[in-house]
Amino acid sequence: MLARKGQRSTSRSDSVESDLLLWWEDFYLPVFEYILPKIGTLEGKKVLELGTGTGGTATLLAKRGASVIGIDLLPFRIAEAKARASEHDVAESVNFALMDAMHLAFPDDTFDFIISKSVLVFTEHAQTAKECYRVLKPGGKAIFMENMRYHPMVWLYRKMFLKYSAKLRYFSIRDVETVGAEFEGLEHREFHLSAVGALFWQKCIPIPTFYRMSLRLLKAVDISFLKCLPFLKRFCWITAMICQKD
């Protein structure tokens with residue numbers, strides 16, 4: 001069960017308040033359901049969020065007991081993030097700061113966890129990974145959720161509608177391994193191959209029932225495809241990397 005607004009969640013560690021995912025929640029929900037059990041209990045833990053945006057993830061983690069610092073490069077996003085944390089009564093557990101993810105102004109061995117969503121694509125992957133490794137405590141984990149490069153439909157959408165996308169460093173499997181090489185351990189999983197097709201019934205011909213049905217069906221198809229044909233993971237939309245510092 002999802003926690004009520006203003007309360008810290010006491011539910012299972014893998015349940016997610018989808019309203020705090022803020023955008024593309026249907027597609028990020030399974031990603032969070034994958035990573036949260038890997039994180040475990042957050043009570044008393046120090047967490048750094050790269051690219052906090054409007055503060056949804058920082059708020060979600062604070063409601064689970066973490067002390068969170070969210071950084072971003074945009075002042076108006078910081079203001080929105082502060083408002084969201086206050087709205088959910090976790091302002092005392094969350095601080096926000098203007099900061100570049102490639103140049104973290106924190107001492108070595110500061111955080112138990114680092115988390116980001118669609119941030120490393122704006123940075124030099126290896127440099128950001130090195131900085132994250134530096135500020136992680138021994139035994140800490142960095143979790144990076146990033147957009148991948150080769151999904152055919154997503155690639156076409158970027159080409160047609162996102163002119164700035166040519167400047168971004170979307171991930172290949174080799175890029176995932178490059179980031180992981182900065183740590184002692186790497187676990188990763190890729191998401192959404194055929195499931196992206198469900199967006200036709202949301203964005204092109206909006207029929208909510210068809211969207212929900214096709215999304216549920218295609219997610220199940222993806223699980224089977226990626227289990228039987230693991231080489232297809234390079235054509236997925238999203239990768240989730242869990243990097244361990246010994």
Result of the Cβ filter at 7 Å on the stretch 200-226, keeping first residues that are closer than 15 Å to F27 by Cβ and partners that are polar (S, T, N, Q) and modelled with pLDDT under 95, at least 6 apart or interchain, is Y211/Q202
For the stretch 58-72, indicate whether the set of residues that are touching a residue at least 60 places away in the same chain (Cβ under 8 Å) and open to solvent by 20 Å² or more (accessible area, probe 1.4 Å) is non-empty.
no
May I ask you to list the residues in the stretch 46-81 that are aliphatic (A, V, I, L, M), in a loop (DSSP other than H, G, I, E, B) and in contact with a Ser or Thr (Cβ under 9 Å, 6 or more places away or on another chain)?
A66
Restricted to the stretch 20-45, and to residues that are farther than 20 Å from K203 by Cβ and either part of a loop (DSSP other than H, G, I, E, B) or at pLDDT below 70 (or both), which residue is most open to solvent (accessible area, probe 1.4 Å)?
E43
If a residue counts only when it is free of Cβ contacts under 8 Å to residues at least 40 places away in the same chain, which strands (runs of 3 or more DSSP E) contained entirely in the stretch 85-193 have at least 3 such residues?
94-98
Quick one: in the stretch 128-155, which of the residues that are under 20 Å from the mean Cα position of the chain (by Cα) and open to solvent by 70 Å² or more (accessible area, probe 1.4 Å) is farthest from F111 (Cα to Cα)?
W155
Under the condition of being over 11 Å from M241 (Cβ atoms) and under 19 Å from the mean Cα position of the chain (by Cα), which residue from the stretch 183-206 is surrounded by the fewest Cβ atoms within 10 Å (Cβ to Cβ)?
V196
Residue match in the stretch 156-165 (condition: among the hydrophobic types (A, V, I, L, M, F, W, C) and surrounded by 13 or more Cβ atoms within 10 Å (Cβ to Cβ)):
no
For L98, which of the numbered conditions (1) out of contact with any strand residue (DSSP E or B) (no Cβ under 6 Å at 6 or more places or on another chain); (2) crowded, with 24+ Cβ neighbours inside 10 Å fails to hold?
(2)
Go through the residues of the stretch 68-87 one by one and say whether even a single one is acidic (D, E) and within 13 Å of the chain's Cα centre (by Cα).
no
Given T239, T178, which one is surrounded by 14 or more Cβ atoms within 10 Å (Cβ to Cβ), within 30 Å of D109 (Cβ to Cβ), over 17 Å from the mean Cα position of the chain (by Cα) and modelled with pLDDT of 95 or more?
T178
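The values are calculated or read from the model by the stated rules, or taken from the named source; none is laboratory data. In this text the structure is predicted, and so the values were computed from the model without any measurement. We place every Cβ from the backbone using ideal geometry, glycine too, and count neighbours over all the protein chains shown. Just so you know, the surface numbers come from the protein's heavy atoms only, side chains and all, with ligands and any DNA or RNA stripped out. Shrake-Rupley method; radii C 1.70, N 1.55, O 1.52, S 1.80 Å.
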